[in-house]
Amino acid sequence: MRILRVTLWMLLLFTSCKKELQDYESPDRRLTELLNSYEEALVNSPDGWIGYLYPKGGGSYTFKFYFDPANRVRMYADFREDYAAAFKESSYRFKVEAVISLYFDTYSYIHELSDPNPAVIQGVVGQGLVSDFEFSVLALSGDTMSLRGNHNESELILVRAQPEQGESYVQTVYTMNEYIRQLDAIPWYFKQLEFAGQTFMLSLNNEIKTFSLYYTSQGQFQSFSTQFIVTDQGIRLREAFTFGGESLSELTDFVFDLAAQTATVRINNSTTALLTTVRDAPIIDPQAAIDFFVNTYIYRSSSGFTINGVTDYYSLREVPSFTSLSYEPRYYIDNYDVLLLNFGVNFYGGVFQSHAGNNGIIVFDNLLGFTGVTPGGVHTNKVVNSATLWVDPQGYYVVKTGNNAYDLVQVANPNIWIRFK
Amino acid sequence: MKTRLLSLLISAVALFSCQKETPNYVPIIGLGGDEWIQGRIDSIIYADFVYPYNIEVIYKWNPFDLNFNRTLVPPDEARVPAVLSAIKNIWMLPYEQLGGTTFLQNFSLTRFNLVGSAEYQDSGTIILGTAEGGSKITLFVVNQFELSNRAAVVQMLHTIHHEFAHILHQTIDYPQEWRGLSTSWYTATWFNTSDQEANAQGLITSYAKAAEREDFVETIAYLLVEGQAAYDLVVLQNPAVAQIFRQKENLVVTYYQNAFQIDFRALQTEVRAAIDSLVTNN
């Protein structure tokens with residue numbers, strides 16, 4: 001009987017306590033759901049996705065991607081005319097790491113920006129343009145997916161394309177990009193814009209895709225600089241500029257009047273503003289010339305001087321194996337600097353002195369002569385002509401357009417300028 | 001009665017006390033490797049490498065197998081079939097012909113990693129190939145590979161034969177006599193020596209100066225891929241060290257004979273013939 005009692009107690013003991021599984025979802029289940037939602041989103045977009053890539057190394061690039069369920073992706077890119085016109089097919093896959101990542105896992109246009117071989121895209125040896133092709137998916141909300149590069153932390157934004165943004169979208173972007181370059185064809189360098197009751201000077205650096213505004217507030221020089229991407233309508237700023245309660249994030253419908261030296265542009269798809277040019281007394285950062293000069297950097301121009309709206313006026317790009325026209329401050333220990341034409345493994349250029357003022361103007365003088373291997377024939381004259389312009393006695397206004405990027409504009413003739421990066 | 005009741009109760013406890021629920025089981029994502037829809041290249045790899053030899057060829061980007069602090073890019077799909085064909089014809093078939101059909105199965109090379117670009121080093125040198133753990137070979141500059149370009153074929157196959165020779169000597173070490181032949185020339189800064197200078201010192205390439213084992217496998221790769229004629233020319237141009245070159249050559253031939261029962265001379269002929277036929281037919 002005792003055994004029976006004990007057994008009954010034990011029975012009670014074992015059955016009385018009912019355990020319930022905690023309401024718990026396994027991480028793998030949640031990851032799988034997230035992964036499926038990403039895959040479905042990318043694949044289920046009949047018009048593909050527009051990609052805006054901001055490499056860590058600077059610049060911005062517009063892509064168009066079509067993802068299919070068989071891990072294949074077709075892409076267009078805006079950095080070469082033929083890449084904008086014809087797609088390349090390669091593969092992609094999602095990989096679950098600490099964060100779900102999107103890999104463009106075989107070579108295509110986007111990889112060229114990361115190619116360490118300098119012959120591919122003239123990037124830094126071993127680094128390319130410091131970009132990415134495997135990205136962590138940070139968020140998918142509505143029609144936008146934000147991603148960050150796993151290797152260099154470049155930013156990629158994917159936006160679901162609309163039916164009117166079809167296969168030829170990137171071609172339209174490419175054409176728009178070429179069209180916007182006409183801003184540089186306006187002879188006088190300094191462009192002015194009225195916005196929110198304030199006068200701004202504006203620069204648009206198409207080589208590194210930066211948009212900068214310069215203005216004076218309470219007697220102090222102020223500036224704003226951000227990157228932009230090119231759309232089929234115009235440009236969109238990476239970071240909006242707000243001033244006096246108004247915001248500026250998009251510039252569209254550029255119309256140029258080269259003869260009148262003006263342009264009109266629509267701001268944020270609403271008001272139309274007039275871009276005018278000024279000849280004298282531009283808004284200049286008094287510190288810029290000194291910053292430009294003391295920075296330990298080799299400044300490179302891909303086209304030499306722009307004169308009267310003609311980019312590469314001296315046709316430096318026609319020099320065989322031309323790579324850049326470079327200015328290196330404090331090149332020689334005894335106060336002399338150089339402006340070198342670089343072609344192949346050779347260089348040729350003038351030797352002179354630089355004087356950076358605290359009024360934002362840099363003056364080059366004492367042209368000693370030339371150093372290096374002459375490119376020969378008409379090409380040698382191009383270097384001599386460039387050096388002659390360079391040592392203009394009134395000097396150059398220094399305009400900062402980005403990180404280590406400066407435009408130098410002749411004080412005497414603001415229709416003569418040169419862009420360095 | 002008591003016993004029966006007891007056993008009944010015990011079975012009741014055993015059967016009902018513990019209620020198990022099947023958990024909602026979701027497998028770990030990526031367990032067992034990445035998956036994707038198989039394409040044409042995947043089927044070539046399966047038929048020529050995975051199925052017969054259990055050799056994996058990774059051509060899709062896989063950063064965890066590569067040097068993470070270098071900028072590298074994946075291969076262009078258009079270049080991959082040519083690389084696969086070169087590996088098969090210039091490396092695998094000659095060894096199989098002379099070492100027997102099971103030779104490649106015996107030496108546990110398990111993986112090729114293909115990379116589009118070279119790996120650029122801070123010293124200014126570039127890496128064209130690496131081998132790890134006697135089983136994995138990474139091949140770079142796939143995106144510049146063309147079968148019709150003899151220099152590219154020679155460069156890549158030199159790398160493969162170089163790395164495979166590492167796998168061989170990691171299995172059966174090279175002869176003792178090799179030690180001391182060029183020991184005084186080995187240096188970490190081998191890249192400061194040109195090939196010509198290295199030749200004058202009795203080393204077949206500048207990279208052969210990197211270490212004793214590199215010297216050994218460079219000699220093998222050079223004899224196989226660049227070929228006997230090229231090797232003889234180097235010997236002829238450097239009479240002062242001709243004897244060292246010949247001694248190394250003989251050591252390689254005896255090593256292959258004793259360790260693997262492979263006729264190295266015949267292997268040389270096969271490799272040359274394969275290169276010639278691939279380059280001229282493409």
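The values are calculated or read from the model by the stated rules, or taken from the named source; none is laboratory data. These numbers were taken from a predicted model, which means no experiment stands behind them. Here the Cβ is made from the backbone with ideal geometry for all residues, glycine too, and neighbour counts use every protein chain on show.
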- [ ] Report yes if some residue within segment B:85-101 is touching a strand residue (DSSP E or B) at 6+ places or on another chain (Cβ under 9 Å), more than 8 Å from chain A (Cβ to nearest Cβ), assigned to a helix (DSSP H, G or I) and surrounded by fewer than 20 Cβ atoms within 10 Å (Cβ to Cβ); otherwise report no.
- [x] no
Open item on the list: Cβ contacts < 7 Å: first residue closer than 22 Å to A:V73 by Cβ, restricted to segment A:164-181; second residue of a type in the set (K, R) and not in a helix (DSSP H, G or I), any location; separation 6+ or different chain. Result?
Closed with: A:Y169/A:K64; A:V170/A:K64
TODO: Give me a count of the residues in segment A:80-121 that are away from chain B (no Cβ under 12 Å) and surrounded by 19 or more Cβ atoms within 10 Å (Cβ to Cβ).
DONE: 3
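Conditions tested, residue by residue: (1) surrounded by 14 or more Cβ atoms within 10 Å (Cβ to Cβ); (2) not aliphatic (A, V, I, L, M).
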site	(1), (2)
A:T306	yes, yes
A:G309	yes, yes
A:P320	no, yes
A:T323	yes, yes
A:P329	yes, yes
A:L339	yes, no
A:Y348	yes, yes
A:H355	yes, yes
Open item on the list: Can you list the strands (runs of 3 or more DSSP E) lying wholly within segment A:254-331 that have 2 or more residues being under 30 Å from A:G372 (Cβ atoms) and among the hydroxyl-bearing types (S, T, Y)?
Closed with: A:299-301, A:322-328
- [ ] Take segment B:102-127 and flag every residue that is aliphatic (A, V, I, L, M) and crowded, with 18+ Cβ neighbours inside 10 Å.
- [x] B:L104, B:L109, B:L114, B:V115, B:A118
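Rundown of residues vs (1) modelled with pLDDT under 95; (2) touching a Gly at 6+ places or on another chain (Cβ under 9 Å), yes/no style:
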site	(1), (2)
A:V294	yes, no
A:Y297	yes, no
A:T306	no, no
A:P320	yes, yes
A:Y332	yes, no
A:N358	yes, no
A:N366	yes, no
A:G376	yes, no
- [ ] Name the one entry in B:R111, B:R150 that is within 18 Å of the chain's Cα centre (by Cα), away from chain A (no Cβ under 14 Å) and charged (D, E, K, R).
- [x] B:R111
Task: Search result, residues across segment A:135-170 that are farther than 17 Å from A:E40 by Cβ, surrounded by fewer than 22 Cβ atoms within 10 Å (Cβ to Cβ) and in contact with a helix residue (DSSP H, G or I) (Cβ under 9 Å, 6 or more places away or on another chain) - done: A:N150, A:H151, A:Q165, A:S168
